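Notes to accompany the following structure.
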Amino acid sequence: MLKARDTLRSKYLGAIMGAAVGDALAFPLRNYSRNFLASVAQPLTEELQTCPDGFTPLGQTTGDTQCCNAVITSILERGDLKADAESAKLLVEHLIPLWRDMSVVDPASDNSSAMSLIVKGITEWDNAALPLGNAGSGCLTRAIPIGLWNARDPEKIPAQVKTLVTITHQDERTLAATSAAAAFIAYNVSHDELILGDILDNIARAAGQFNEGVAQSILDLPKILSQTDHRALEMILAISPDEEYPPSRDELTDYVVPVLFLALRQFLNKPQSFGDALNRILRLGGNMSTIASITGALCGSYLGLENIPGNLVDNLLEKEEIQRNAEMLFELRRNLKRVEAASKQPPPVDKTDEPGVDADDPDDLNQDLESSLE
């Protein structure tokens with residue numbers, strides 16, 4: 001069995017690399033219809049594909065991965081993540097170059113609408129969020145580092161989601177969905193077993209801080225899990241209907257509610273197989289990058305990096321940078337937890353004679369923190 005530290009590291013890297021792999025798998029398929037993708041006989045997760053345009057390199061990810069990485073780099077720069085203006089402003093500073101330098105790849109339209117206002121100087125960074133009624137899913141991958149950071153403190157997730165999401169989105173459905181995704185990732189990192197009732201309670205509690213309708217639909221998710229793919233899709237599209245995001249027979253819109261619920265449903269139906277969970281997601285058509293990223297993060301945060309096919313990870317275009325940042329995020333959070341744990345321990349009368357914990361052994365200092373994974 002893996003040591004507790006190695007298990008945590010694997011889940012951290014699995015969440016971030018799994019999201020990037022999901023994004024890279026979906027990117028070349030974004031212009032195909034649901035009917036066409038459903039007709040493809042072979043699995044869509046065996047290897048990364050090149051884009052039909054012939055110009056995009058193999059393993060290219062989109063703005064979903066770039067924005068997730070921006071959250072990570074802002075946390076690394078500050079050395080912490082808190083629900084305050086400094087964390088939000090740092091994230092904006094890391095997002096701006098993506099739009100200013102036009103280096104963001106296939107960005108979500110909702111993110112671009114808000115970020116363009118900031119880059120062009122039309123509004124200040126803290127006054128550019130889209131008004132209520134705009135419930136796109138472009139910010140959903142910000143849930144990944146938030147969930148990882150709060151694996152042992154899930155009660156902090158809603159406040160941090162509000163801090164980092166309201167830069168671009170104010171709609172309560174978007175905030176609820178992002179909180180639910182972050183809470184699920186936190187659960188996967190801190191648990192070895194999936195207990196459906198506990199999972200739904202945890203993520204509904206996080207979503208309910210913003211939208212009770214989304215929270216109640218999460219608690220009703222078992223009704224959807226047992227349905228066929230076609231019937232499940234119909235039921236999910238009927239959750240919180242919105243005229244601004246009419247359901248389509250042949251592709252997904254970027255409406256955050258179905259994106260969240262399809263990711264939840266597919267992961268919970270195939271939690272032991274990264275490829276099986278992603279394969280059906282990749283047949284939905286339309287805006288698949290975000291949903292594939294979230295599904296990949298859910299799988300990776302539960303299964304760990306070693307259970308994501310190595311050929312998919314190795315062929316990511318910016319594998320080294322993504323993995324390096326994931327490693328740094330893990331070490332930063334682990335070290336902060338060690339400091340927090342040490343600060344709560346009363347000093348021994350005679351340190352040299354204290355039984356049990358060896359202050360010179362980092363594994364001993366982390367024993368209590370990580371014991372639930374051993």
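Some points to look at:
- Criterion: closer than 20 Å to residue 152 by Cα, surrounded by fewer than 24 Cβ atoms within 10 Å (Cβ to Cβ) and polar (S, T, N, Q) - qualifying residue of 227, 170, 216, 209: 209
Let's see how each residue does on (1) over 27 Å from residue 194 (Cβ atoms); (2) modelled with pLDDT of 95 or more; (3) surrounded by 16 or more Cβ atoms within 10 Å (Cβ to Cβ); (4) of a type in the set (Ser, Thr, Tyr):
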site: 304; (1), (2), (3), (4): no, yes, yes, no
site: 308; (1), (2), (3), (4): no, yes, yes, no
site: 311; (1), (2), (3), (4): no, yes, no, no
site: 314; (1), (2), (3), (4): yes, yes, no, no
site: 318; (1), (2), (3), (4): yes, no, yes, no
site: 328; (1), (2), (3), (4): yes, yes, no, no
site: 335; (1), (2), (3), (4): yes, no, no, no
site: 346; (1), (2), (3), (4): yes, no, no, no
site: 350; (1), (2), (3), (4): yes, no, no, no
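- Scanning segment 297-312 turns up at least one residue that is within 28 Å of residue 152 (Cβ to Cβ) and not in a helix (DSSP H, G or I).
- Taken over segment 269-280, the criterion of being closer than 20 Å to residue 305 by Cα, in a helix (DSSP H, G or I) and either of a type in the set (Lys, Arg) or within 17 Å of the chain's Cα centre (by Cα) (or both) is satisfied by 274, 277, 278.
- Of note, residue 284 does not satisfy the criterion of being touching a helix residue (DSSP H, G or I) at 6+ places or on another chain (Cβ under 9 Å), in a loop (DSSP other than H, G, I, E, B), modelled with pLDDT of 95 or more and buried (at least 16 other Cβ atoms within 10 Å of the Cβ).
- One residue from 173, 152, 142, 100 being out of contact with any strand residue (DSSP E or B) (no Cβ under 6 Å at 6 or more places or on another chain), modelled with pLDDT under 95 and not aliphatic (A, V, I, L, M): 152
- Applying the set (1) of a type in the set (A, V, I, L, M, F, W, C); (2) surrounded by 15 or more Cβ atoms within 10 Å (Cβ to Cβ); (3) closer than 21 Å to residue 34 by Cβ to residue 238 leaves exactly one unmet item: (2).
The values are calculated or read from the model by the stated rules, or taken from the named source; none is laboratory data. None of the values given here were measured: they were computed from a predicted structure. We place every Cβ from the backbone using ideal geometry, glycine too, and count neighbours over all the protein chains shown.
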